[in-house]
1. For Cα pairs less than 8 Å apart in space and 6+ apart in sequence, what is the mean separation divided by the residue count of the range 54-182, i.e. the relative contact order in percent?
2. Which of the lysines could be linked to LYS145 by a straight reach, that is with a Cα gap under 19 Å, when you skip same-chain ones fewer than 8 residues away?
3. What angle do you read, to the nearest 10 degrees and between 0 and 90, between the alpha-carbon axis of helix 115-138 and the longest principal axis of the chain?
4. Run lengths n ≥ 4 of DSSP H only: what is the helix-derived mean residue ellipticity at 222 nm for the chain, with -39500 (n - 2.57) per run over all residues, to the nearest 500?
5. Once you've got the GNM for the chain with C-alpha springs shorter than 10 Å, pick whichever of ASP104, ASP125, ASP48 has the biggest mean-square fluctuation.
6. How far, in degrees from 0 to 90, does helix 100-113 lean away from the longest principal axis of the Cα atoms of the chain, to the nearest 10?
7. Which lysines, on any chain, are close to LYS27 with Cα under 18 Å apart, when same-chain ones fewer than 8 places away are left out?
Amino acid sequence: MNDRLAKSDWIDHGLRTLAERGPNALKIGAMAEGLNVSRGSFYWHFRDVADFRTQLLQHWRDWTTQRVIRELEADLDEPDRLKSLVSSAFAGEPGNGRSIRSLDKAVRAWAIDSDEVAAVVASVDADRVAYIARLLVESGVESEKAAYRASFLYWAYLGQPIAMNPDFSSATSTAIADICELFRR
């Protein structure tokens, strides 16, 4: 066995496990076996399962929300941020093994049975809607209207994956541009 894993290895494995098999699969023994290490490796990095789950949720929050915002802010000028965000949200994601959508789905399912997880999800939702509203204000929408429009866009994002018709699973770049125009001014 190889006990020399970094904390990030456990977190990454935990996120993959969560996305693929749900929160009930976040068992120390099974995860250690999947990483080919002893349970001691887990306890080297985390106090207990609760600590691991807290850090797992924090990493999910950062990877699916804060990282996305940081990248948009660093890479794009104001007029392009909204279009890029909407495009990445509705055009579908590349299969990178740890997509935002699959993690969101798993964390939201977990939140149904956990008040602590539900509080984290609610906070992430508030951060995301606030950021979308800020982008809308930057594009010329009044603050009050921006809040409603941001909520509407976010609801659409959350609902898109449950559409059963595959024609609604993604949008073309032309459709994205048109949708973005609906939310300006």
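Values in this text are rule-based calculations from the coordinates and carry no lab data. Source: prediction; values computed, not measured.
1. Contact order relative to length: 34 percent.
2. Partners within reach: LYS83.
3. The angle comes out near 30 degrees.
4. Taken over the chain, the calculation gives -22500 deg cm²/dmol.
5. ASP48
6. That works out to roughly 70 degrees.
7. LYS7
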